[in-house]
1. Can you flag which of B:Lys54/B:Lys131; A:Lys80/A:Lys134; B:Lys54/B:Lys156 are past 25 Å Cα-Cα?
2. Of the chymotrypsin sites (Phe, Trp or Tyr not before Pro) in the stretch A:92-175, which ones lie in a loop per DSSP and count no more than 14 other C-beta atoms within 10 Å?
3. Give a quick list of trypsin sites (Lys or Arg not before Pro) in the stretch B:33-140 that DSSP marks as loop, anything other than H, G, I, E or B, with at most 12 other Cβ atoms within 10 Å.
4. Along the stretch A:273-279, what does the Karplus equation 6.51 cos²θ - 1.76 cosθ + 1.60 (θ = phi - 60°) give for ³J(HN,Hα), rounded to whole Hz, x for Gly and Pro?
5. Which order, highest average first, do A:292-305, B:389-402, A:399-412 follow once you tally other Cβ atoms within 10 Å for each residue and take the mean per peptide?
6. With the alpha-carbon atoms as the only input, what is the per residue convex hull volume for the stretch A:363-473 in Å³?
7. Between B:Leu322 and residues 5 or more places away or on another chain, which pairs have amide H atoms under 5 Å apart, with H built 1.01 Å from N, and which residues are they?
8. On a 32 Å Cα-Cα criterion, which of the cross-link pairs A:Lys472/B:Lys402; B:Lys11/B:Lys308; B:Lys402/B:Lys438 come out too long?
Amino acid sequence: RASYKPVAVPAHPRLGEKVTQDTLYWRGYKTPVQIKEFGAINKIDFSPVSPYNYAVTASSRIHIYGRYSQEPIKTFSRFKDAAYCATYRDDGKLLVAGSEEGSIRLFDISGRAPLRQFDGHTKAVHIVGFLSDKYRIFSGGDDYSSNLWDIPSAAEIVSYNEHLDYVRCGCASKLNADVFVTGSYDHTVKVFDARIKKSVMTIEHGQPVESVLLFPSGGLLVSAGGRYVKVWDVLKGGQLLVSLKNHHKTVTCLCLNSSGQRLLSGSLDRHVKIYSTTSYKVVHSFNYATSILSLALSPEDETIVVGMTNGVLNVKHRKPEESKAKSQNKRRPAYRTFVKGRNYMPKQEDFYVSKPGKCVLRKYDKLLKSFQSSKALDAVLEPQIRLCTPEVTVAVMQELNRRGTLRSALAGRDEKQISLLLTFVTRRVIEPRFTPILVTVADMIADIYQPVVGQSALVDKQFLRLQEAIGKEIDYQEELLEVLGMMDALFATLTKKKASSLEENKSNGLTKTLEQDTSH
Amino acid sequence: YLLSASGDFVKLHSVATEETVRLLRGHAGLVTGIELNPQNRLQLYSSSLDGTIKLWDFTDGILIKTFTVGCKLLALYALASFEDSVFVVIPKSGERDSFQLVSVKLTKAAGQEIEAKELSVILDGVDKSPKHTAFGREGEYVASVKELELQVYFFKRKQINRFSLSATSAKGGNNRFTCIACHPKEDCIATGHCDGKIRLWRNFYHNKEYTFSTLHWHHDIVMDLAFSVEGTSLLSGGIESVLVQWHNGSDCKKDFLPRLGSAIECISVSSDGTSYCTSHTDNRITIISSNLRFSRSIQGLIKARDVKTGLVVDPRTKALVLNGEPGHLQFYCLQTDKQLYSLDIVQQEYIHQEGLNQLDLVKVAFSAQGKWLATVEEREDDTDLELHLKLWVYDEETQSFKLNTRINMPHEDHITAMCFRDTDEVEDDSVMLVTASKDCLFKAWVIVEDTDPEAQQSLSWSCDFVGSYHNYQATNCCFSEDGSLLAVSFEETVTVWDSFTWDLKCTFCHPPGKIRNICFGRLTCSKYLIGATDHGFLCCWNLLSCALEWSAQLNVLVLQPDPLSEHIAAISCISKDSSLFVFKPNEPRPICIQRNLCKEKIQFAIFVPRDIPETTGSEKHLWLRRSQIFFLTNTQELMTLSTKSPEERLTPSSKQLAVEESLPMTPFSLLLGKHRHQKSQEDVDLGKVVVHSQHNQDSPAVKELLHTPAHVLPSASFLCPIFINSLLISKENKSAEEVADEVEMESKDSEDDSDEERDITEIEQYDQRPMDFWGETTCKLSKSEEKELRKIRKIDYSWISSF
């Protein structure tokens, strides 16, 4: 037999971002630490070995920061002009950096003076890096050349002069010690093999290339330039896999997370976007104060460091995992209490008699079931329900209205309760999903308590506030209608049919009900 | 057993199985009262508006005697203390709206038809409702209420005591009497009142010193009262649809059985006190055990307050779908006259109270395969409108519909029409729903797939296109058979849209009058679009030439295409009489015209596909071959057109009678409920029935055999030869009886020809008049069969001739 049906609280679809696993993951960072550097930060590089210090290249200095330190633990400042692209070697012992004057310097982490200096570029060197055999360095300069250097002898091995513009980014393959990639302002990315005197592949990006990245597998290449991030399949001979256009200014830096599942891109538009590398959809994005030049992620995604054009270094640390030690302290019932009777296997001749599940009703449902409308309204005006789940309060009001007992439930209340009701109405009446019913409620309250207006200063003040809120909302709606009219005019000039029809049904829910409300 | 008066019939239900065991037919008017014979509990008196009291043997369904009184009988009472007379309420001769209670002497004369003319007036000025009069303890007194007066007549003292109440009580209640019940053991009368009060009257032997106590729980009219057998508790029911049990007549001790579905009309108590039963306004009987536990319910087509959804056929079950209980959708099986299930659409507690605006189901549509169900519910307040569009998906696991998407306020105003695109493709992305609304828009809704794999529900519906035409209200919408074209009518204009690109293809307009109905032709006539206007025109447009093909002047109320053929049925209403026109869109001449369909206005019609195409049938009925048409009138009677003439339909039953003379028929359903212990006897019965089926070519017995649970059947080896035999066509079928029937048929053929076709089967009849029930659980078989069967034979023929 049908039992009492509890009040259905309408679920409201959450607008905007959906909470996915990714948003939860990427939101799990503490508030950022800001460190001021001397100039624009062009490179941040994490040491691949513990304790994961990171080198920040800004202006003419290279600062090494510890994980949680706000002050640099070491500084390399032997540069006359700007330093570029301080990069760690795989073992974390050596650091190489290019410079404005064209020389490349190799430092020992523990020392101060450079171990080696490689001269050969005639112009600034913006990109240097180690090949994965640890004994060679590749570099790219503003003299359009990409060079390869031998560390022990500090001599140039080979120089490629294939680019037609500044070489500003590069990356070495982790699998093959001979392969590296450079990207240039001539809109191309070239793949070089140290054993061959020529580039082995040229990829046309379409915009000046600001950053390139090779996937750990070496099969995919990501290039960023202009507003685009493009992913290429190297193994298929440089076929374009996907082109992402999610930034509205030049993308300056790229980075993979430690698992290789997510790709991060930073841009001059002050955003860092995180893409899934399976679907290439944006799964999360971060917002920063100024344009982003460089970006790095520590192993295990513990820290995100972002360098800005104004020299601010933004460091975010991951929140420690919440330990569940607390709950384990409580004594739980023994395991056997849970399995009691559950592991009984019914025999063939047994009848299965199911026990009807106990239906737990909320307090307001119990009161509504026994037709105590006034008490039910009281129950949903408890601060906990009123503040956290206003939809429950409104649903009960609607139910009372349907039952025709809303008026009697609203009547006979004292000053404090009326004021509370009015506060609630004032606050929520402008929410479109609550508007229809709350307008009725406000109407009824005004009706019922009309004779006592003026007796309580508190209630009068609330009434005035309600009036003010509604007046504001009406103004706002009128403005929106104006905008809508303008948009309609714009759409009318376009012949696209679809767009106009979709826009139309977006914003007309609220206006009509509020027009009636002006009578207050 | 449970007996109920239903229309012209008395129905005998089995309490154990809910099935209708017997249908006692014979009255020519509405049955107004039924009462067990106090001398013989296996006999039943029934009274009817046709002025007769009939005595039945209800277990065998035999009419024993007919007493003709000669005037309308409005209520019937039989008492143990008055052996040879019964009491009836009849209208007072000469005066309108005035009724009297009279006792009728039933003579024991032999013969079937007896005139009962010995009437003696007992009480004057009683109310016509049977609930307004009751007989007291052992027939010592009779109490009757009318308006504000209670009168008690004592048979021994021949004295009338009158008690009257003021019209309104001090608190503003309405004191009018609504029902009365007398205590079976004590001198106590319970009366129900309009304002929900129940008064218990005692000491009413004295005109002055009477006392009464008041019980008040109901907030609205008390519809019926009943005392339990011992009189220890009083049952009351009303619009709240709560059965209240008052213990010992005190106000403080009471039990409730809430949520019985709809307003309680009648309450009755079985003679052994083990169960109660309530009848409801929505055509349902509920059986309740004496500890106030719901036991089972007997229900057919639930009568909704207002059928707003129209008639829809569920493509999956072929069941008729319409409004049921408030906020529910009932799936009604036409073949078995049973409700398959009831789907809760609104999912809200229904408050049984007069004058409340509650969410009501207004539109229903099924997709072609029955996978999707769309429902619209609305609630109109004086200020605002609440609208919900819900989309339900069929869940194979639970064999029921599951809510998929709920859209609040899909339109700003009432939705006038809704339809699915009927494509036969299985993929979801081709399914489309179109809603037309008074807010001058029509919207197309499609399924969108959520690509996020983590989301639980991947399919949901969302708006795809919004269309309008010159700011006219959209009144109807309809897809063409292949789903490529959508026709939407906007007041006077029909617009045709391409459903893929949403281009407006063309418009049709046939001035005067707004479009009331539109539909596309099917199969070979799919190039036609039919529209009916409210100025009495039926127009047919050719979609290829975009021109009017033909038009006819016909005030069409309902336009319904047959899904399986080209035929379209149009029902028109000319001065109260409804007529049916069946036509093909390619020719303006109707195939079939059926005038004077029924007196009531027909609201809806639907073609229901037949399981097996009808093979027989004359040229005239060719259009009914593949589907059957059903109508719903505004009094919520469901009717259908039969291809057979009345005689043809009757012959099987009379044939059965002929057989019955030699072998008594014992349906299995009857056996099931009552005696499982008589298994050995059953075997014999079974044999008889199966043999019997030999004579009935359409063999209901075979069907019964197949529908009987296996555990009550005898062994298969025993059944097999009989079963095989029953399938053979026997040659001895042409009995003398049938020849006699044929003669009769011919005689009737000479009657009005047009009337002959007006054979409308009333599947379910609702009468607003109360029904009476008596629970009866004792049962016995076997009578002096031969004698009585001979009687039936005679009676039954008389009944045929009365047709």
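Only the coordinates and a few stated rules stand behind these numbers; no lab work does. Model, not experiment: these values are computed from the prediction. Neighbour counts run over all protein chains shown; Cβ positions are idealised from the backbone, glycine included.
1. A:Lys80/A:Lys134; B:Lys54/B:Lys156
2. The qualifying sites are A:Tyr135.
3. When the trypsin sites (Lys or Arg not before Pro) of the stretch B:33-140 are filtered for loop state and at most 12 Cβ neighbours within 10 Å, B:Arg96, B:Lys108, B:Lys117 remain.
4. Those phi angles translate into 10, 10, 10, 7, 7, 8, 9 Hz.
5. Highest-to-lowest ranking by the protection proxy: A:292-305, A:399-412, B:389-402.
6. Values: hull volume 10.1 nm³, N = 111.
Once divided by residue count, the hull of the stretch A:363-473 is 91 Å³.
7. For B:Leu322, the qualifying residues are B:Gln330, B:Tyr332.
8. Cα-Cα > 32 Å for A:Lys472/B:Lys402; rest within.
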